[in-house]
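These notes concern the structure reproduced below.
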Amino acid sequence: STGTYDVGALAEHVGLSLPTTSQHLSKLRLAGIVSARREGRHSYYTVEDPHVLSLVEQIFEHIAPDGSLAPDPPPRAR
């Protein structure tokens, strides 16, 4: 899903600690994948490139619930 989220919400969503999530977001910011804006003590993050969201969705289509690679989806009819 798209939108703007603070570190706490993102950490809870992915099941990681706040410091670990902050480190990941810092690296994503350096790579230009997300942007951040501060409001008081909170930083809010937004994905800058919608293509990144498509890429991540495609990756997850190939991962089975147990974490292994899922079989390729059937080819789409042309």
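The values are calculated or read from the model by the stated rules, or taken from the named source; none is laboratory data. As the structure is a computational prediction, the values presented were derived from the model and not from experiment. Every residue, glycine as well, gets a Cβ built from its backbone with ideal geometry; the counts of neighbours run over all protein chains shown. Ligands, DNA and RNA are excluded from the accessible area calculation, which covers all protein heavy atoms including side chains. Shrake-Rupley method; radii C 1.70, N 1.55, O 1.52, S 1.80 Å.
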* Asked: Could you say whether any residue in the stretch 61-70 is touching a Ser or Thr at 6+ places or on another chain (Cβ under 6 Å) and either open to solvent by less than 60 Å² (accessible area, probe 1.4 Å) or part of a strand (DSSP E or B) (or both)?
  -> no
* So which of ARG37, ARG76 is out of contact with any His (no Cβ under 9 Å at 6 or more places or on another chain), of a type in the set (D, E, K, R) and in a loop (DSSP other than H, G, I, E, B)? -> ARG76
* Asked: TYR5 passes all but one of (1) modelled with pLDDT of 90 or more; (2) open to solvent by less than 50 Å² (accessible area, probe 1.4 Å); which number fails?
  -> (2)
* **Criterion violated by LEU28 - all others in (1) out of contact with any Phe, Trp or Tyr (no Cβ under 7 Å at 6 or more places or on another chain); (2) outside any helix (DSSP H, G or I) satisfied** => (2)
* To do: Give the stretch 29-58 a look and list any residue that's without any contact (Cβ under 8 Å) to a residue 12 or more places away in the chain, open to solvent by 50 Å² or more (accessible area, probe 1.4 Å) and under 17 Å from HIS13 (Cβ atoms), or say none.
  => VAL56, GLU57
* To do: Could you tell me which numbered condition PRO75 fails, if it satisfies all but one of (1) surrounded by fewer than 11 Cβ atoms within 10 Å (Cβ to Cβ); (2) touching a residue at least 24 places away in the same chain (Cβ under 8 Å)?
  => (2)
* To do: Could you please let me know if THR21 is among the hydroxyl-bearing types (Ser, Thr, Tyr), at negative phi and in a strand (DSSP E or B)?
  => no
* Asked: Restricting to the stretch 40-55, what's the tally of residues that are touching a strand residue (DSSP E or B) at 6+ places or on another chain (Cβ under 8 Å) and outside any helix (DSSP H, G or I)?
  -> 7
